[in-house]
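Beneath this line is the structure, given in C-alpha cells, with notes to follow.
Bear in mind that the values in this text are calculations on the coordinates, not laboratory data. Keep in mind it's a predicted model, so treat the numbers as computed, not measured. Reconstructed Cβ throughout: ideal geometry from the backbone, glycine too, with neighbour counts over all protein chains shown.
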Amino acid sequence: MTDVVLPSPAQTRIPKRVMTHWFKGKTALGLGGLAVFLLLWEAAPRFGLISTLLLPPPSSLPGAFWRDVQSGAWHEAIVNSLSHYLLGLGLGSGLGVGLGVWAGVSARFEDATSYIVRILRPIPGLAWVPFAIIWFGVSTGGATFIVAVGVFWINFFAAIAAVQAVDRDLIEVADAFGHRSIGANRLAHQRRAAV
C-alpha cells in the first residue's frame, strides 16, 4: 500500500494577490454588466422601441421620485404599506403564538388541529393572494391577511417547539412551590410553567 501525502494548509492556500485580482476582476465584470443593462434600458424607450409609459428610462426616475416626495404621495404610500405590514405582523404573530402555546400545552388541541395544519402549512404565501383578493378585495384587509398568513406559521411552530422543550423538572419545581395542577386548572398550570 502506498502512503498518501496530503498537502499542508499553507500549500493549499490561494495567495492573497491572486484573491484580490480575482475579486477585482469579478467586481469589474459585474459593474460592466450593470452598466450595459442600464444603457440598454435607457436606449429602449429613447429610440421608441418601448413606450415610455410602460418602461420609463432610468434617467427620469430620480426626478419622478423627488416629485412624489415633494407632493407627499411617497410618504403616504410608505405609511399605508407600513400600517398593512405592522397590522398583519401583529395579528399573525399574536394568533401564531397564542395557538402555538395552546397546541404545545394541550395534546388534545394539537391532535385536533394536526390535519388542518398539515393541509394549510405547505401552501405558499403567494398562493393566498387570489383568495385575499376574492375575500377582501384590493384593500387593507387583503394585504393584512397575506402578511398575517406569512408570519402565522413561523410563530405557531416556534411556540409549539418552545413550550414542548420546557424541561419537565421546571414543572415539578412549580408543583413544589405550590403551583399544583388540579382538575381543570391543569392546563392553566402547564401554561404558566411553560410560559
Pairwise label distance in nanometres, Val117 with Leu49, each label 7 Å out on the Cα-Cβ vector: 5.3 nm
So the pair-distance distribution of region 44-105, from every Cα-Cα distance in 10 Å bins, comes to percents of 18, 22, 22, 17, 13, 8, 1
Sort 138-144, 57-63 by packing, meaning the average of other beta carbons within 10 Å per residue, with the highest value first. 138-144, 57-63
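If you filter region 45-95 for chymotrypsin sites (Phe, Trp or Tyr not before Pro), then keep DSSP loop positions with at most 14 other Cβ within 10 Å, what is left?
For chymotrypsin sites (Phe, Trp or Tyr not before Pro) across region 45-95 that sit outside H, G, I, E and B with at most 14 neighbouring Cβ atoms in 10 Å, the list reads Phe47.
What order do you get for Leu120, Leu95 when you list them from fewest to most C-beta neighbours inside 10 Å?
The order, fewest Cβ neighbours first, is Leu120, Leu95.
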For labels at Ala28 and Phe136 in the simple 7 Å Cα→Cβ model, what's the distance in nm? 5.1 nm
